[in-house]
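Worksheet for the structure shown next.
Here, each number is a calculation from the coordinates, and none is a lab measurement. Just so we're clear, the structure is a prediction, and the values are computed from it rather than from any experiment. Neighbour counts run over all protein chains shown; Cβ positions are idealised from the backbone, glycine included.
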Amino acid sequence: MNNINIFVSSTCYDLSQIRVDLSDFIKLSGHNPILSEFENFPISPELNTIENCIKIVKENADILVLIVGNRYGHIIENGKSITNNEFLVAKQKGIPIFCFIDHSTL
């Protein structure tokens, strides 16, 4: 089986431990975790943080794992959060999206 690039999308600070745990699980499963706060996250210096995240979803992600907690995240100029934009790009790209919602959020 080929290694799958799995982009993890969520707010970072409040869900940092979940993100670390998920990254470890993805690695142990033999796949490539893509998380913006890790040093292996590919960065194009000419792009800002938001543009880099969107670019990586468009060009590198085979799957998007969306973690929804109690925070919506930073809202950008289109009125949506960065995480929401990552989700929309993945949906437009047609890749599988796995969404997990914190029970207390429901």
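Only Cα pairs under 8 Å and at least 6 apart count here; give the relative contact order of the range 45-106 as a rounded whole percent. List each step's numbers first, then the result.
On the way: 63 pairs, mean separation 26.8, N = 62.
Over the range 45-106, the number comes to 43 percent.
What does the charge add up to near residue 105, with Lys and Arg as +1, Asp and Glu as -1, over the other residues with Cβ less than 15 Å from its Cβ?
Working: positive: 71; negative: 14, 102.
It works out to a net charge of -1.
Using a 10 angstrom cutoff on alpha carbons, build the Gaussian network for the chain and name the most mobile of 45, 33, 96.
45
Using the Cβ atoms and a cut-off under 10 Å, what net charge is assigned to the surroundings of residue 70, where Lys and Arg are +1 and Asp and Glu are -1? Don't skip to the answer; put the middle values down first.
Working: positive: 71; negative: 14, 102.
Every neighbour counted, the sum reads -1.
Could you work out the pair-distance distribution P(r) of the chain from its alpha-carbon pairs, with 5 angstrom bin width and percents rounded to whole numbers?
Result, from short to long distances: 2, 13, 23, 27, 22, 10, 3, 1 percent.
In units of 2.2 N^0.38 Å, what is the alpha-carbon radius of gyration of the range 52-104?
So the Cα radius of gyration is 1.13 times the expected 2.2 N^0.38 Å.
Straight-line reach from residue 80: which aspartates and glutamates fall under 15 Å, measuring Cα to Cα and dropping same-chain residues less than 8 apart?
Qualifying aspartates and glutamates at Cα under 15 Å: 51.
Highest mean first, what order results for 37-43, 88-94, 5-11 on Cβ atoms within 10 Å? Write down the numbers at each step before the final one.
On the way: 37-43: 10.9, 88-94: 13.9, 5-11: 23.3.
Those peptides, ordered most packed to least, come out 5-11, 88-94, 37-43.
Normalised by the empirical 2.2 N^0.38 Å for globular proteins, what value does the Cα Rg of the range 9-51 take? Present the calculation step by step, with values, prior to reporting the outcome.
Working: Rg = 11.5 Å, N = 43, 2.2 N^0.38 = 9.2 Å.
That works out to 1.25 for the range 9-51.
Can you tell me the length gained on complete extension of the stretch residue 48 to residue 25, counting 0.36 nm per residue apart and subtracting the Cα distance?
The residue 48-residue 25 span can extend by a further 5.4 nm.
Could you point to the residue in 88, 6, 25 farthest towards the positive end of the chain's charge dipole, with +1 and -1 charges on the Cβ of Lys/Arg and Asp/Glu respectively?
So the residue we want is 88.
Please find, in a Gaussian network model of the chain (springs between Cα atoms separated by less than 10 Å), the residue of 82, 18, 56 whose mean-square fluctuation is greatest.
Its mean-square fluctuation being the largest, the pick is 18.
In nm, what is the difference between 0.36 nm times the number of residues separating residue 98 and residue 55 and their Cα-Cα distance? Don't jump to the answer; show the numbers that get you there.
Values: separation 43, 0.36 × 43 = 15.48 nm, distance 1.94 nm.
Fully extending the segment from residue 98 to residue 55 adds 13.5 nm.
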